[in-house]
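Here the structure is laid out as structure tokens; the discussion comes afterwards.
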Amino acid sequence: MLRIAVLVSGGGTNLQAILDAIDSGKITNAEVVGVLSNNPKAYALERAKKHGIEAVCVSPKNFADRAAFEDAYLAQTQKWHPDLVVLAGCMVVIPEKMVKAFPNRMINIHPALIPSFCGRGYYGLHVHEKVLERGVRVTGATVHFVDAGTDTGPIILQKAVYVQDGDTPEILQRRVMEQAEWKIMPEAINLIANGRVNVSDGKVHIKDYVYGKI
Ligand code: GRF
């Protein structure tokens, strides 16, 4: 059984998609053992509590400096002895020490098709603002392993979403979440939980997988 710790910062819709997928059997051989937020107001914490999952807040505001926060944030994550750490709407810049603690065992959902519209400053709504500003017709979402860079780790799954005339950043964000994020994040977790994902030469290989089927 894959033990999953989910790191959140906001509404928790990606966390909810994971929990629903486990309940419906779309994800097998996995359990969420803890949810950690840096933001005490994150509704994701409520979603975890409703599901009977330990929900903890470690806020930088409660620490004298960034290093002390990062140590506590890592320590809380490790307390759950997770096999996989999932960044689901997580806005914390994960320190190198934490990335190194989970080599190819930490994944993130980015609301664009990496390597487009990613890297420093590209998070949340800003991503969709830049997509609309550039006028691309296709965007989407990416699930990738986390490495020492920003949105630079090996790509696991991606799903495209069309931009429509009249889209605002909010409308586009919602469509990308509904049509892409909430599908590829559970799918990636299920593949990992069932031993079908491996990484070699910085590239992901998924055993017997047909891309584009979800
Ligand atoms: C989503 O667009 C996600 O891609 C981004 O944060 C937004 C909110 O995610 N990282 P959630 O609803 O908190 O899962």
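The values are calculated or read from the model by the stated rules, or taken from the named source; none is laboratory data. If you're wondering where the values come from, they're calculated on a predicted model, not measured in any experiment. Cβ coordinates were reconstructed from backbone atoms using ideal geometry, including for glycine residues, and neighbour counts include every protein chain displayed. Accessible surface is based on the protein model in full, side chains and every heavy atom, while ligands, DNA and RNA are left aside. Shrake-Rupley method; radii C 1.70, N 1.55, O 1.52, S 1.80 Å.
Data table
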item	result
Number of positions in the range 48-94 that are within 16 Å of the ligand (Cβ to nearest atom) and either without any contact (Cβ under 8 Å) to a residue 12 or more places away in the chain or within 16 Å of the chain's Cα centre (by Cα) (or both)	13
Strands (runs of 3 or more DSSP E) fully within the range 135-214 counting 1 or more residues that are without any contact (Cβ under 8 Å) to a residue 12 or more places away in the chain and open to solvent by 50 Å² or more (accessible area, probe 1.4 Å)	197-200, 203-206
Within the range 98-124, considering residues that are at positive phi and away from the ligand (no atom under 12 Å from the Cβ), the one surrounded by the fewest Cβ atoms within 10 Å (Cβ to Cβ)	GLY121
